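Working notes, structure below.
The values are calculated or read from the model by the stated rules, or taken from the named source; none is laboratory data. Bear in mind the structure is a predicted one, so any value in this text is a computation, not a measurement. Virtual Cβ from ideal backbone geometry, glycine too; neighbours counted across all protein chains shown.
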Amino acid sequence: MSSVAAELAPTPTRRLRFAGVEYEVLPTETVLDALLRHGLDVPYSCRKGVCQSCMMRATDGAVPAMAQHGLKDTLRDHGCFLSCLCRPKDDLDLVAPDDELAFVRATVARVERMSPAVARVRLTPAEPFEYHAGQFVSLRRSDGLIRSYSLASVPRLDDHLEIHVKRLSCGEMSSWVFDRLQPGETVDLAGPNGTGYYLPGRPDQPLLLIGNGTGLAPLIGIAHDALAEGHSGPIDLYHGTRHGEGLYLHRDLTELAERHDNFRYHPCLSGPARMKGCRPGRAEEMAFADHAALDGHRVFLCGYPPMVEAAKKAAYLAGARLDDIHADPFELRELRRVPRD
């Protein structure tokens, strides 16, 4: 076959062998697409290569390099890859990743209701767990259900890991956390992942932090980390929610602003109710109204993915450099078809 003919020839289908059964992968499909099309209930969440919930391991066959993007060297060396990014060029034999490679056991130290819809969960890993404030972990319960949560804790300040879990009417994990999870129980953690965290070196650079809902979790970690590092530039944190009870760290952030002259807290309410000291409107709208020019700023975004994506574009158009805009948006599995405010 000539080179031209080879280029025009249709891409052949590939085969996956998983749990002793063979499955066909169409040319346009990822490994995850194919397994879901065949009716398999495999773990996944974001489908963007961010949360790493869909990680698998190839015991035979080569996986594309892009399917291993962001994985630790030990995971890549053992053939682990992200099935949502993998469009295989070879037939593959697949297994779930070894637990000792991908997960760390952690004990639940405390579960605290911060509002009717938000719980703070503190976890104690069974072994040293290196991370940056603002990264996220994937939490797995005993039946294999996995969800990803950002870290609000700061390594230098806290002897535990802290995540904030929002209760969702259709959320399997969040309902379990609210209704049944107790101190002393154990879960598994994978990660940490994500590039949205504070790095020292430019202590006078203005920081702009924008989040809604429990997207506040990584932002408060980043703010605490920057202040502990001695950051001297202005730090503006905008937290948005529809109703007042969604400002679940209002008192803590108000007190933090009182202790640090360079930290400013901007609570925003987009619903019809008004609350003393809160701005009427969405957090990103208020932030960009106050900061029309973002030249030289570092911007951190977290929350509902459409907000994050729109805010990334707005920050860039306002003058922020692309490498100074940090965001790790990922969509919750249960909510892809559910409209939200």
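Selection of first residues in segment 304-325 that are farther than 19 Å from G134 by Cβ and of second residues that are exposed (fewer than 14 other Cβ atoms within 10 Å of the Cβ), restricted to Cβ pairs under 9 Å at least 6 apart or on distinct chains, gives the following pairs, ordered by first then second residue: P306/R340; Y316/L322; A318/A292; A318/A293; A318/D295; G319/A292; G319/A293; G319/D295.
Got at least one residue in segment 98-112 being touching a residue at least 12 places away in the same chain (Cβ under 8 Å), touching a Leu at 6+ places or on another chain (Cβ under 7 Å), crowded, with 20+ Cβ neighbours inside 10 Å and in a strand (DSSP E or B)? Yes, there is a match, as at least one residue in segment 98-112 is touching a residue at least 12 places away in the same chain (Cβ under 8 Å), touching a Leu at 6+ places or on another chain (Cβ under 7 Å), crowded, with 20+ Cβ neighbours inside 10 Å and in a strand (DSSP E or B). Scanning segment 45-90 for residues that are in contact (Cβ under 8 Å) with a residue 40 or more places away in the chain, more than 19 Å from the chain's Cα centre (by Cα), buried (at least 16 other Cβ atoms within 10 Å of the Cβ) and assigned to a loop (DSSP other than H, G, I, E, B) yields a count of 3. With respect to T195, is the statement that it is touching a His at 6+ places or on another chain (Cβ under 8 Å), β-branched (V, I, T), surrounded by fewer than 19 Cβ atoms within 10 Å (Cβ to Cβ) and under 16 Å from F300 (Cα atoms) true? Criteria met by T195. Quick one: is L94 outside the structural domain of L16 (by TED's automatic domain parsing), modelled with pLDDT under 95, buried (at least 19 other Cβ atoms within 10 Å of the Cβ) and in a strand (DSSP E or B)? Taking the combined requirement at face value, the residue does not satisfy it.
Considering every residue within segment 120-128, establish whether at least one is in contact (Cβ under 8 Å) with a residue 60 or more places away in the chain, farther than 10 Å from L189 by Cβ, of a type in the set (A, V, I, L, M, F, W, C) and touching a helix residue (DSSP H, G or I) at 6+ places or on another chain (Cβ under 6 Å). No; the residues of segment 120-128 include none that is in contact (Cβ under 8 Å) with a residue 60 or more places away in the chain, farther than 10 Å from L189 by Cβ, of a type in the set (A, V, I, L, M, F, W, C) and touching a helix residue (DSSP H, G or I) at 6+ places or on another chain (Cβ under 6 Å). Note on segment 186-280: enclosed strands (runs of 3 or more DSSP E) holding 2 or more residues that are farther than 20 Å from E162 by Cα are 207-212, 235-241, 263-269.
Residue-by-condition table, conditions (1) more than 29 Å from the chain's Cα centre (by Cα); (2) at pLDDT 80 or above; (3) closer than 20 Å to H69 by Cβ:
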{"position": "M1", "(1), (2), (3)": "yes, no, no"}
{"position": "E7", "(1), (2), (3)": "yes, no, no"}
{"position": "T13", "(1), (2), (3)": "yes, no, no"}
{"position": "E22", "(1), (2), (3)": "yes, yes, no"}
{"position": "H38", "(1), (2), (3)": "no, yes, no"}
